Structures are given as structure tokens and as C-alpha cells.
Amino acid sequence: MIRYSLRRVPSGVLVLAVASVLVFAVLRLAPGDPAVVLAGPDAPPETVAKVRAQLGLSDSLPAQYAHWLKGLLTGDLGHSYILGAPIGKLIGHGLGATLELTLGALVLAVLIGGAAGIGAAVPRNRQVRALANGFTSLAGAVPPYVTGVLLVLLFAVTVRLLPAGGRVPILSDPGIGWQYLIMPALCLALPVAAVLARFLAASIRRVRDEDYVRTAVAKGIAPRRILVRHVLPNALPPVVTVLGIQVGQLLGGAIVVEAIFAWPGVGQLLLQGVLGRDYLLTQDLLLLAVAVFVVLQTLTDLVQAALDPRRRLEGR
């Protein structure tokens with residue numbers, strides 16, 4: 001397993017290197033001048049030029065990229081000139097909030113998606129299957145920004161059961177923290193749960209048609225034992241791959257959800273960086289997102305290899 005993991009390192013480093021170049025280039029091609037944003041639209045050209053020199057924007061593009069890359073390798077992420085704070089401290093504060101939201105959404109997505117997937121594939125009751133299929137269709141069709149508004153109107157305005165926005169860290173006060181977490185986490189989890197449910201249901205149906213499952217049924221083994229011991233372990237590997245991809249979708253969707261529920265995470269930071277043309281902050285956050293996605297894909301491959309040893313044999 002260790003050799004299998006190490007073989008994934010060069011490709012991950014290559015992806016990060018290419019992503020850093022693309023992130024740097026795309027931001028420079030975007031309209032708007034950070035010096036004008038910082039100095040003000042009515043500032044004279046001399047002031048704008050002075051601000052550009054202070055920000056290092058008057059240097060050549062290769063020099064700017066080299067300076068940024070050197071800072072990343074040495075752990076110096078720079079200083080946000082829009083928010084007026086070290087970027088490392090800003091990311092550290094926002095990353096904790098985003099991880100809390102993403103983990104909460106991931107747990108809900110796995111629980112809801114697993115129940116809906118099994119309900120759509122296993123029960124003989126048509127009503128249960130129709131209910132599970134209807135849920136997956138509705139949850140996958142409604143975007144998070146619509147679900148978020150509906151949840152706020154229902155549980156924060158009409159029923160007044162949960163707070164409409166903000167955050168209390170769940171580790172510092174679990175009794176209050178889950179009340180702030182449940183709505184944004186559910187809003188973020190529903191589309192992912194729908195995708196997981198569909199793939200799990202299809203994978204279960206495929207495995208149930210295998211000869212060894214039919215043999216187990218013919219021997220009179222209990223259906224629940226067949227499901228737990230034979231069907232689910234062989235149906236999970238493709239679902240794990242989908243789950244790894246969907247975790248990246250959770251991080252992307254967190255930007256919208258954090259804006260709806262005023263959740264102080266990395267998504268809010270990225271939005272402020274883009275609107276303020278804060279190159280350093282935006283570059284660091286985008287590259288961080290790519291790095292997280294690479295790590296998640298590597299972990300997904302490792303989990304899949306643990307579930308299916310044939311994956312490790314194919315890589316030799």
C-alpha cells in the first residue's frame with residue numbers, strides 16, 4: 001500500500017505545478033487593476049503607480065510568479081492588502097469553518113445518500129422505491145442557493161426553530177453549534193446525496209445480478225446477510241470514487257452556501273479576494289482548493305485499493 005501511495009506523488013506534484021501557472025495567468029488576464037481598487041477610482045496616476053510598485057505589480061510577470069512561488073515554498077503566503085491581515089492567518093481561520101461545514105455536509109450526504117440508494121435498489125415495496133427515486137430526482141434538480149433560501153424561510157422565519165445565519169464553532173459549544181451548522185450542511189449535502197444514491201442503487205443492482213449472489217439466495221441465506229456480507233462490499237468501490245469527486249463539489253458549493261448563511265469560511269474569503277482584485281489572496285485560495293482536491297483523489301484511490309486489491313495489482 002505504501003508503494004501504491006508513493007506512485008501517486010509525482011502526478012500530484014505535476015498537477016499542482018500546472019495549476020499554479022494557470023491560476024497566476026488567469027488572474028492577470030481578468031479585468032481590473034488591484035492598484036486602482038486600493039488607491040481609489042479618483043486617485044491620480046502617480047498614486048496608482050506608487051501603489052503598484054508597493055504591491056510588486058510593476059515587476060515582470062515571471063518575476064511576480066517566482067516571488068509568489070518562493071513564498072509558497074517557504075511558507076510565506078503574503079499579506080492581504082484588501083483585508084489588511086496575513087493571508088496565512090486568514091486562511092487558517094476560514095479553513096476551520098469551511099472544514100466544519102464540509103465534514104457536516106459529508107456525513108449527512110453519506111447517511112442520506114446511503115439510505116436513499118439502498119431504498120431505491122433493495123426493497124420490494126414499490127412505494128419505498130418510488131419515494132427514494134423521487135427524493136434523488138428532487139434533491140439533484142434543486143440548486144443549493146434555492147434550497148438554502150427555502151430552508152431559511154421555513155426553519156428561521158416561519159417556524160423560528162434555527163438561526164438564519166452565522167456560526168458558533170461546534171467544538172466550543174456543541175449544543176448551540178449544531179443549530180448553526182445543520183441548515184447550511186443540509187443545503188450543501190442534498191445534491192451530493194442524490195448523486196451518491198443514484199450510483200449506489202445502480203451498483204447494488206449490478207452486483208445483485210452476479211452469480212455468487214444468486215447462489216447465496218439459492219442456499220437460503222437471509223437477504224439482510226447477503227446485502228451486508230456480499231452485495232454492499234462489492235458495490236462500494238465505484239461509489240467511493242464518486243464520493244471522492246463529490247467532496248470536491250462540496251468545497252466548490254461551499255462558496256454559495258457560505259454566502260447564503262453568512263458562514264465565515266474560505267468561500268467568503270475567496271469572494272472578497274475576487275471582488276477586491278486581491279491577487280495574492282485569490283491565488284493562494286485557488287491553489288489550496290486544487291491541493292485539497294489532489295489529496296482527496298489520492299485518498300480515494302487508497303480507499304478503493306483497500307476495498308479492491310485488484311487496483312493495487314493493476315498499478316504494478
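Listed by chain and number, the aspartates and glutamates whose alpha-carbon sits under 16 Å from that of residue 89, ignoring those within fewer than 8 places in the same chain, are 76, 278, 284. Across the stretch 11-23, coupling constants 3J(HN,Hα) worked out from phi with the 6.51/-1.76/1.60 Karplus curve, θ = phi - 60°, read 5, x, 5, 5, 4, 5, 5, 5, 5, 5, 5, 5, 4 Hz, and Gly and Pro carry x. Taking all protein chains as they are arranged and a probe of 1.4 Å, the heavy atoms of residue 46 leave approximately 130 Å² accessible to solvent.
Report note on the peptides 289-300, 84-95, 246-257: ranked by the mean count of other C-beta atoms within 10 Å, highest first, their order is 246-257, 289-300, 84-95. Couplings 3J(HN,Hα) for the stretch 187-203, derived from phi with the Karplus relation 6.51 cos²θ - 1.76 cosθ + 1.60 (θ = phi - 60°), are 4, 6, 7, 4, x, 5, 4, 5, 5, 4, 4, 5, 5, 5, 4, 5, 5 Hz, where x marks Gly and Pro. Calculated FRET efficiency, residue 74 to residue 205, Cβ-Cβ distance, R0 = 35 Å: about 0.10 to the nearest 0.05.
Put simply, the amide H of residue 85, placed in the peptide plane, has neighbours under 5 Å in 80, leaving out anything fewer than 5 places away on its chain.
Judged by the mean number of other Cβ atoms found within 10 Å, the most tightly packed of the peptides 106-116, 159-169 leads the ranking 106-116, 159-169.
Debye-formula intensities of the stretch 113-169, expressed as log10 I(q)/I(0) at q = 0.18, 0.19, 0.30 Å⁻¹, are -0.75, -0.78, -1.05 (one equal scatterer per alpha-carbon, no solvent). Backbone geometry of the stretch 252-266 corresponds, through the Karplus equation with coefficients 6.51, -1.76 and 1.60 at θ = phi - 60°, to 3J(HN,Hα) couplings of x, x, 4, 4, 5, 5, 5, 5, 5, 9, 6, 8, x, x, 5 Hz, x marking Gly and Pro. Taking a virtual spin label 7 Å from the Cα of residue 222 along the C-beta vector, which residues in the stretch 78-119 bring their backbone nitrogen under 11 Å of it? It comes to no residues whatsoever. Largest first, the three principal axis extents of the alpha carbons in the stretch 213-294 are 67, 26, 12 Å in whole numbers.
Within the accessible area of the chain, the carbon and sulfur atoms contribute 67%, probe 1.4 Å, all protein chains present.
The distance from the alpha carbon centre of the stretch 18-34 to that of the stretch 195-247 is 45 Å, rounded to a whole number.
Working note: Cα atoms of the chain, range along each principal axis, descending, whole Å: 85, 58, 35.
The values are calculated or read from the model by the stated rules, or taken from the named source; none is laboratory data. Given the structure is predicted, the values throughout are model-derived calculations rather than measurements. So basically every Cβ, Gly included, is an ideal-geometry build from the backbone, and we count neighbours across all protein chains shown. When the accessible area is computed, the model is the full protein with side chains, heavy atoms only, and any ligands, DNA or RNA have been set aside. Shrake-Rupley method; radii C 1.70, N 1.55, O 1.52, S 1.80 Å.
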